[in-house]
Amino acid sequence: HLIPTSEDWKKARKLCQFLKTFHDVTLKFSGTKYVTSHIFVAELAKIHNILVEQLQCNYLEEQPKNQHLYDIAKVMKPKGDK
């Protein structure tokens, strides 16, 4: 069980896609001496949209498309709302 299965690699690819936005936003914030408010708000909106997209099954009363990403978003959303 030490070798990743094809299903493990699929999950890893989806997780990387999910986290790429967070990575890009972090680079944008840390790569400048100051961040203007309109850039800050736009980037936070991207993160908010990604989290809401993963949690939309709650509103539609459906099963999550990806349980692993749903669980991550569920923990991250309250922190992002602060």
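Per-structure values
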quantity	calculated
Extreme residue, nearest to the chain's Cα centre (by Cα), among residues of the range 18-48 that are surrounded by 11 or more Cβ atoms within 10 Å (Cβ to Cβ) and polar (S, T, N, Q)	THR21
Residue check, ASN58 in a helix (DSSP H, G or I), closer than 19 Å to VAL75 by Cα, open to solvent by 70 Å² or more (accessible area, probe 1.4 Å) and modelled with pLDDT under 90	yes
Criterion violated by LYS74 - all others in (1) within 15 Å of PHE22 (Cβ to Cβ); (2) touching a residue at least 12 places away in the same chain (Cβ under 8 Å); (3) open to solvent by 60 Å² or more (accessible area, probe 1.4 Å) satisfied	(1)
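The values are calculated or read from the model by the stated rules, or taken from the named source; none is laboratory data. Keep in mind it's a predicted model, so treat the numbers as computed, not measured. When we count neighbours, we look across all protein chains shown, and the Cβ atoms used for this are built from the backbone with ideal geometry, even at glycine. Calculation scope for accessible area: heavy atoms of the full protein, side chains included, ligands and nucleic acids excluded. Shrake-Rupley method; radii C 1.70, N 1.55, O 1.52, S 1.80 Å.
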